[in-house]
């Protein structure tokens, strides 16, 4: 499992690029340079109506199961060479869930180690606009879960921070 990295351990600009850019990355390496760069989204839909008709329940969040790792996660993946963060998030959500989506607000960025290599993953809130899930080699299951169940199902506890950030963004108490 990955360890949390602090920005202080790498100085004020640990990735050798400006805000939102990927300048200085080595072309042709998985996820660019020494740091793996990835993007994804917390894909959500409004919750069902409450039984008493007074509003809606909390949103449902899409989690994907990756058979290669036997884990449950939020849709995400590495940036392709020359690809921007938002474009990568849109592509990865489509590849892993089958849904085109509209990105909303940016959520907290995660930094951790994977096999001793630093990884940075930027996330956005997102709502599906069209599409449907079809199991594939990379993702064999997708489930729409309420926030509490999503947090429990996520393999990595660090992903729960993103669920909480989405709830705060939508005006729900965490």
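Looking only at residues that are in a strand (DSSP E or B) and at pLDDT below 95 in segment 44-82, which one is nearest to the chain's Cα centre (by Cα)?
Of the residues in segment 44-82, the ones in a strand (DSSP E or B) are 44-45, 49, 56, 60-66, 71-73, 76-78.
Subset that is at pLDDT below 95: 49, 56.
Details: 49: 26, 56: 24 Å.
Across segment 44-82, the extreme among qualifying residues is 56.
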> With respect to the numbered conditions (1) modelled with pLDDT of 90 or more; (2) closer than 19 Å to residue 107 by Cβ; (3) assigned to a loop (DSSP other than H, G, I, E, B), which one is the sole condition not fulfilled by residue 41?
Replying inline: (3)
> Which of the residues that make up segment 50-95 are without any contact (Cβ under 8 Å) to a residue 12 or more places away in the chain and at positive phi?
Replying inline: 53, 55, 70
> Does residue 128 fit the bill of being farther than 21 Å from residue 37 by Cβ and either under 11 Å from the mean Cα position of the chain (by Cα) or touching a residue at least 40 places away in the same chain (Cβ under 8 Å) (or both)?
Replying inline: yes
> Do you know which residues across segment 111-154 are loosely packed, with under 12 Cβ neighbours inside 10 Å and either in contact with a strand residue (DSSP E or B) (Cβ under 6 Å, 6 or more places away or on another chain) or more than 11 Å from residue 63 (Cβ to Cβ) (or both)?
Replying inline: 115, 116, 129, 130, 132, 134, 136, 137, 148
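The values are calculated or read from the model by the stated rules, or taken from the named source; none is laboratory data. Keep in mind that what you see is a predicted model, and the values were worked out from it rather than measured. Note that we place each Cβ from the backbone using ideal geometry, even for glycine, and neighbour counts take in every protein chain shown.
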